[in-house]
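This report refers to the structure that appears directly beneath it.
The values are calculated or read from the model by the stated rules, or taken from the named source; none is laboratory data. Fair warning: this is a prediction, and the values are worked out from it, not measured in the lab. Note that each Cβ is placed from the backbone with ideal geometry, even for glycine, and that neighbours are counted across all protein chains shown. Heavy atoms of the whole protein, side chains included, go into the accessibility calculation; ligands, DNA and RNA do not. Shrake-Rupley method; radii C 1.70, N 1.55, O 1.52, S 1.80 Å.
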Amino acid sequence: MQTFPLTLVAGPPGAGKTTWIRQQLDGAERFAYLNLGADAVRIDATYLAAEVPELVVWSSWLPELADFTKYQTYIELDFHIDLGSLVLPTEFADCHRVAVLPPGIRQTEWHDWADVIVTGTETRVPLQPPQLWRSLLTGQVLDFASLTTVWDELINGAYGHVQRAKGIFEVTDGRSLYFDFVAGDPEPTSTELDLPRWLEGRPNRFSGVEVVGEQLDETAIAQTLKDCCLDDRTLAYYQQQVREFLEDG
Amino acid sequence: MKIAVISCIHGNYEALNEVLLDIDRHQVEQIYCLGDLVGYGPYPNAVVEMIRSLDIPTCQGCWDEDVVEGLNACECSYPSLLAEKRGRLAHEWTNQEIHPETRSFLAQLPLSLRDGNLCFVHGSPHSQHEYMLPDMHAFTAMERVLATGADTLFCGHTHIPYVRQLESGQLQVRVSSGQSSQRPNQQTSNFSAPLKRIVNAGSVGEPRHGRTNATYVLYDAETEQVTLREVEYDYQKTCAAIVEKGLPSIFAWRLARGLEFAERADDPTHVCER
């Protein structure tokens, strides 16, 4: 039976699965990535594709088996996928299984499942399945000052206890920004993705947000993010201002 | 004579009550209020009634003006879309909540008050909407005080208390007649500005100094000593009332952390001319 160069990566939210995969891609060629469980909110896939332009991302469709022979493929399993009930093609039986786990935890289902345990970032492993809220924001452009306010409120508990939050947001000056937070991390990060500025109309590239936690006020989060979004007239005005500013050097 | 100066109560009755009790303990002869009695907080009518019943001389704040005249702040006076939307929500709620007599009281408030060499305004002598921040350019700051003719200018609006001394101010003015570009006829005059002082009273009801405590100032006219007072109050009562009365619950969350309801403007000296 043919075997495939395939690695499955699992772990709790915020442990560093995507970060570990990102590290494996440095200097390599012919790599592919698939995120199982992200559905339409392809934050990790978009982040990796921006970081490693030559990466092949299978994010919205399942490739043919033959495609797996062409690439060293990493499949990231979202934390809410039940490892026990995960059924893979028999051809994948020999695949490499990596669990990225916070330091110090033992005897979990990930230990039983994985071939290799990688020590990742400190994060709390929830006893109960946490609440997961996602929203696709593609086409929306947010005012940067508003975004930083709502993000600060979000990660500091204004809308419920947040264990993990990440998002890709389009902002007024055309940049695409990646925001990343894990509870307990003293320095939540935000970085600009290496993508061209979008300064003509509404962006049709992906943006979206994912929040994991407890007692999340999903309605309030959604409404507050909506309040940060520019209408067509305001967006056109600011895009013109930024274009003129950039043209003037 | 010892006076107390309070500002920016923003409908926070619990905070006002506690500050007045603290003032009582210091045996002041006069209290002045720098406005913004309403806006964001849950008890605009009770705050106005308290100020009115105690006959506290009060000047009009920007929120007081907006409730009387209609929302007049242009979008550029908000630092973000979110702050603007929250500001509008608070304005609409307050506008619905206040009684006619509250509105009438706010309408007749003067823009400034004088007491000897002391002047009292909400934002600056030029506008209730202008922020006089502690790092405002010294020339501009000096101009604001000189415009009043007073030696000490009490202001609020920024919600951050401070005392700023403007001493040994040297101003040089060069006037050119412009007869010839080769040899301009220039006259130079030098002025020495006397010691002036700006005192910001902070905020009773919406502190912006990173703690939940209300702030105000005590001033001793004999010794010219300024004391910034910080007063603990039961902010959780105000937070509960915010939610109970239908204001956005994010206001309560922010108040409980010593954060302003909406951040100050990017360009704090900007004054809307619309």
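Inside 10 Å of the C-beta atoms of B:82-90, what's the mean count of C-beta atoms belonging to other chains?
Numbers: counts 14, 5, 3, 6, 4, 0, 0, 1, 0.
Partner-chain Cβ atoms within 10 Å, mean over residues of B:82-90: 4.
About its Cα centre, what dipole magnitude does chain B give when the only charges are +1 on Lys and Arg Cβ and -1 on Asp and Glu Cβ, stated in debye to the nearest 20?
Numbers: 23 positive and 36 negative charges, 144 e Å.
With only Lys, Arg, Asp and Glu charged at Cβ, the dipole is about 700 debye.
If you consider only alpha-carbon coordinates, what radius of gyration and Dmax does region B:1-74 have, in Å?
12.6, 42
Roughly how large, in nm² to one decimal, is the mean projection of the convex hull of the alpha-carbon atoms in the protein assembly as shown? All intermediate terms of the calculation are to be shown ahead of the outcome.
Details: hull surface 132.9 nm².
Over every viewing direction, the Cα hull of the protein assembly as shown projects on average to 33.2 nm².
For region B:195-227 and region A:163-236, what is the separation of their Cα centres, given in Å?
39
Take the Cα atoms of region B:113-174, find their three principal axes, and give me the spread along each one in whole Å, biggest first.
35, 26, 20
If each Cα of chain B is one equal point scatterer, what is log10 of I(q)/I(0) from the Debye formula at q = 0.09, 0.11 Å⁻¹?
After summing over all Cα pairs, the log10 values are -0.42, -0.60.
Amide H neighbours of B:Tyr32 under 5 Å, counting only residues 5+ apart in sequence or on other chains, H built in-plane at 1.01 Å?
For B:Tyr32, whose amide H was placed from the backbone, the distant partners under 5 Å are B:Ala4, B:Val5, B:Ile6.
Given a 1.4 Å probe and every protein chain left where it sits, what share in percent of the accessible area of region B:219-260 is carbon and sulfur?
Carbon plus sulfur share of accessible area: 41 percent.
Need one number: buried accessible surface between chains B and A, 1.4 Å probe, both sides summed, DNA, RNA and ligands left out, in Å² to 100.
By this definition, chains B and A bury close to 1000 Å².
Would you mind getting me the FRET efficiency between B:Asp135 and A:Arg205? Use the beta-carbon distance for r and R0 = 41 Å, nearest 0.05.
Efficiency for this residue pair is about 0.50.
Which one, B:Ala241, B:Val48, A:Pro63, projects farthest toward the positive side of the charge dipole computed for the protein assembly as shown from Cβ point charges (K/R +1, D/E -1)?
Positive-most Cα among the choices belongs to B:Val48.
At 1.4 Å probe size, put A:His161, B:His137, B:His209 in order of accessible surface, largest to smallest.
Reading off the accessible areas and sorting them downward yields B:His137, A:His161, B:His209.
Which FRET efficiency value, to the nearest 0.05, do you get for B:Gln187 and B:Val163 by plugging their Cβ-Cβ distance into 1/(1 + (r/R0)^6) with R0 = 30 Å? Show your work: numbers first, answer last.
Details: r = 36 Å, r/R0 = 1.22.
The value I calculate is 0.25.
Could you tell me what percent of the DSSP beta bridges with both partners in chain B are antiparallel, to the nearest 5? Please report the intermediate quantities before stating the final value.
Values: 28 of 40 bridges.
Approximately 70 percent, going by the DSSP bridge assignments.
Within 10 Å of each Cβ in peptide A:146-158, how many partner chain Cβ atoms are there on average? Round it to a whole number, please. Let's see the in-between values first.
Working: counts 10, 3, 3, 11, 3, 0, 1, 6, 0, 0, 3, 2, 7.
The shielding value for this peptide is 4.
Inside 10 Å of the C-beta atoms of A:218-230, what's the mean count of C-beta atoms belonging to other chains? The partial results should precede the final answer.
Numbers: counts 0, 0, 3, 0, 0, 2, 5, 1, 1, 8, 4, 2, 1.
Taking the mean over all residues of the peptide, I get 2.
Relative contact order (percent) for chain B, with alpha-carbon contacts under 8 angstrom and 6 or more residues of separation? Each step should come with its number before you reach the end.
Working: 600 pairs, mean separation 66.8, N = 274.
Relative contact order, chain B: 24 percent.
Accessible area of region A:131-247 with a 1.4 Å probe: how many percent of it is carbon plus sulfur? Before the final figure, lay out the partial values.
Details: 2600 of 5420 Å².
It is 48 percent, rounded to a whole number.
Using θ = phi - 60° and the Karplus relation 6.51 cos²θ - 1.76 cosθ + 1.60, list the HN-Hα couplings for region B:46-51 in order, rounded to whole Hz, with x at every Gly or Pro.
With the stated coefficients, region B:46-51 comes to 5, 5, 4, 4, 5, 4 Hz.
What do you reckon, how do A:Asp143, B:Asp55, A:Asp115 stack up by accessible area (1.4 Å probe), largest on top? Before the final figure, lay out each step's value.
Numbers: A:Asp143 30, B:Asp55 125, A:Asp115 95 Å².
Ranked list, largest accessible area first: B:Asp55, A:Asp115, A:Asp143.
With a Cα-only, solvent-free Debye model of region A:6-119, what are the log10 I(q)/I(0) values at q = 0.16 Å⁻¹?
Per q value, in the given order, log10 I(q)/I(0) is -0.72.
Among B:Tyr162, A:Pro196, A:Leu88, flag the residue with its Cα farthest along the positive direction of the charge dipole of the protein assembly as shown, charges on Cβ as +1 for Lys/Arg and -1 for Asp/Glu.
The listed residue farthest towards the positive side: B:Tyr162.
How large is ³J(HN,Hα) for each residue in region B:137-151, as worked out from phi by the Karplus curve 6.51 cos²θ - 1.76 cosθ + 1.60 (θ = phi - 60°), to whole Hz, x for Gly and Pro?
Values, residue by residue: 3, 4, 5, 5, 4, 4, 4, 5, 6, 4, 4, 8, x, 9, 9 Hz.
Taking GluC sites (Glu not before Pro) as candidate sites, keep only those in a DSSP loop with at most 11 other Cβ atoms within 10 Å, then name the longest stretch of chain B containing none of them.
B:30-166
Using a basic spin-label model with each label point 7 Å from the Cα along Cα→Cβ, how many nm lie between A:Glu91 and B:Arg174?
Placing both labels 7 Å along Cα→Cβ, they lie 8.3 nm apart.
Just to be sure I understand: of the beta bridges DSSP finds with both ends in the protein assembly as shown, what percent are antiparallel, rounded to 5?
On the way: 53 of 88 bridges.
Roughly 60 percent of the beta bridges in the protein assembly as shown run antiparallel, per DSSP.
Please compute the length gained on full extension between A:Thr189 and A:Glu51, using 0.36 nm multiplied by the number of residues separating them and subtracting their Cα-Cα distance. Each step should come with its number before you reach the end.
Details: separation 138, 0.36 × 138 = 49.68 nm, distance 1.52 nm.
Working it through step by step, the gained length comes to 48.2 nm.
Using a probe radius of 1.4 Å on heavy atoms only, what accessible surface per residue do you get for the protein assembly as shown? Whole Å² is fine.
Numbers: 24660 Å² over 523 residues.
So the protein assembly as shown comes to 47 Å² accessible per residue, rounded to a whole number.
If ligands, DNA and RNA are left out, what is the accessible area of B:Cys8 with a 1.4 Å probe, given in Å² to the nearest 10?
Here the residue's solvent-accessible area equals roughly 0 Å².
Expressed as a rounded percentage, what relative contact order does region A:6-119 have, with Cα pairs under 8 Å and six or more residues apart?
Details: 168 pairs, mean separation 45.3, N = 114.
This gives 40 percent for region A:6-119.
Multiplying the sequence separation of A:Ile81 and A:Gln107 by 0.36 nm and subtracting their Cα-Cα distance, what value in nm do you get?
My answer for the length gained is 7.5 nm.
Given +1 on the Cβ of Lys and Arg, -1 on the Cβ of Asp and Glu, and no further charges, what dipole in debye does region A:6-119 carry about its Cα centre, rounded to the nearest 20?
Working: 7 positive and 16 negative charges, 46 e Å.
Dipole size: approximately 220 debye.
Scattering from the C-alpha atoms of region A:131-247 alone, worked out with Debye: what is log10 I(q)/I(0) at q = 0.12, 0.19, 0.20, 0.23 1/Å?
Here log10 of I(q) over I(0) equals -0.42, -0.97, -1.06, -1.32.
What dipole magnitude, in Debye to the nearest 20, does the protein assembly as shown give about its Cα centre under +1 on Lys/Arg Cβ and -1 on Asp/Glu Cβ?
Numbers: 41 positive and 74 negative charges, 151 e Å.
About 720 debye.
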